[in-house]
Structures are given as C-alpha cells and as structure tokens.
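The values are calculated or read from the model by the stated rules, or taken from the named source; none is laboratory data. Keep in mind that this is a model prediction, so the values were computed, not measured. Heads up, the Cβs are rebuilt from the backbone with ideal geometry, glycines too, and the neighbour counts pull from every protein chain shown. In case anyone asks, the SASA skips ligands and DNA or RNA and just uses the protein heavy atoms, side chains included. Shrake-Rupley method; radii C 1.70, N 1.55, O 1.52, S 1.80 Å.
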Amino acid sequence: MNEQRPPLFVRIRAYARRNPVGYGVVNGILAGIPFGTIMAVTLGSTTQISDPLRLVGAGVALGVFFGAGMGVFAVLMVRVMPKEPLPPETDRARLREAGRLVRRGTPGADPVVNQIARHQAETVLRQPYWPKTMATIFGLGLALNLWSVTMSTTGPGFWGSVVGLVVFPLMLFVAMPLTARQRRRARAFLTALEEVPGPGPDA
C-alpha cells in the first residue's frame, strides 16, 4: 500500500521534534558558514587586514559565534512549539490559509485548517516576549550608534554605526509593533476558536 510522502516542511518539523539539538546544529551550520564567509570578505575589503590567514580566522570565529547563536535560537523555537504535531493532512495550501486566519484573528470553516492555525497561534504566544527589555536594548543601541556617528567621520566603526542606525530603528519601530500585533491577532484567533460550536480542533 502506497502512502503519500508528507511535504518537506512537515518532515523538517517532525525531525525538529524528534531531535531538537540535531536540528539546532544543522541550523547553526547552515547559518554560520555563509555568515563567516561574508564577514571574511567584508573585513578584507573594508579594513587594513591583508593576511589571508587572519581573514580566514576572523571569518571562522565570527561564523562559529553566529552559528552557535542561531543554533540555540532554533532549539528554543522548537521548545516553545505546541506538544501536538501538525495534522497529517497539512499541506502548503492549508498552511498558507491557516496563516491568513491567524493574521485575521478569526477561524475558518475547515477544521483541519483551524487546527493548523491553532498550532501557529499557540507557537506565537509561547515565544519569549519581553517588550520593555527589548525596547530598552534597541533604544540604547540606537542612542549609542547615533553618538558614535557624531563622534567619528570615517573608518569601519563609522559605517558600522550607520548600519546600526538602520537596524535598531527597524527593530524598535517596525519589528516590535509587528510582533505585538501578531500576538494580539493570535490571541484573538484562539479566543474566537473557543467560541466556535461543534467538535474541537482535535476531534
């Protein structure tokens, strides 16, 4: 008897549940290698470092540091996922429709899509969220980079601060409000789902 193979993203989620540490290691490698390569090339073109061994060493060190951080982040994201796996009927179309339902804050007519959307909403609400701490960190980062730009006129430090003046406002005034809105919509969806008559999403 032939069974249809689950989509790739469903298999990846299943692997992450079975082996979160292995999933984190793979994510760390996939993130660290390109990041380290890009940073080595960037350092070679923007600094006075010309020794290839020093550039490679710096790229490896930065890649390992960044990859470790991304690996830990991936493991944490697996830990906050709901214990119930996605339903076996999950496919890309249903996953997209579930995302729209969560963004809209209202359940739909398909119980399978509602179950997927419930999984997504619970995942959003289980993620670590410290708005005051995040606002303080991003605000301090913005202030420090603004001060650095006013105190220097050239060099890698100046351009790093310019990048910071782009990144920190985006995090403070775009990413944080979007995260807060996403959490409100996820909470509204779960509240509305509890009011839907008939069998629950796990029925």
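Values computed for the structure shown
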| quantity | calculated |
| --- | --- |
| Yes/no for Ala74 being open to solvent by less than 30 Å² (accessible area, probe 1.4 Å), part of a helix (DSSP H, G or I) and without any contact (Cβ under 8 Å) to a residue 40 or more places away in the chain | no |
| Unique match (being within 23 Å of the chain's Cα centre (by Cα) and at pLDDT 90 or above) among Arg126, Arg96, Arg79, Arg92 | Arg96 |
| Every pair of residues 6+ apart whose Cβ atoms lie under 7 Å, when the first sits in region 105-117 and is closer than 14 Å to Ala186 by Cα while the second is at pLDDT 90 or above and small (Gly, Ala, Ser) | Gly105/Ala188; Gly105/Ala192; Thr106/Ala192; Pro107/Ala117; Pro107/Ala192; Asn114/Gly108; Ile116/Ala98; Ala117/Ala98 |
| Residue match in region 103-114 (condition: in a helix (DSSP H, G or I), over 24 Å from Ala74 (Cα atoms), in contact with a Lys or Arg (Cβ under 9 Å, 6 or more places away or on another chain) and not basic (Lys, Arg)) | yes |
| Unique residue being without any contact (Cβ under 8 Å) to a residue 40 or more places away in the chain, hydrophobic (A, V, I, L, M, F, W, C), closer than 30 Å to Val163 by Cβ and open to solvent by 70 Å² or more (accessible area, probe 1.4 Å) when the list is Ile38, Ile49, Ile12 | Ile38 |
| Within region 91-104, considering residues that are touching a residue at least 60 places away in the same chain (Cβ under 8 Å) and under 30 Å from Gly32 (Cβ atoms), the one least open to solvent (accessible area, probe 1.4 Å) | Leu95 |
| Enumeration of residues in region 146-198 that are modelled with pLDDT under 85 and within 14 Å of Arg118 (Cα to Cα) | Glu195, Val196 |
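Every residue, every condition in (1) open to solvent by 50 Å² or more (accessible area, probe 1.4 Å); (2) within 18 Å of Tyr23 (Cβ to Cβ); (3) β-branched (Val, Ile, Thr), yes or no:
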residue	(1), (2), (3)
Met81	no, yes, no
Pro85	yes, yes, no
Val124	no, no, yes
Met134	yes, no, no
Gly141	no, no, no
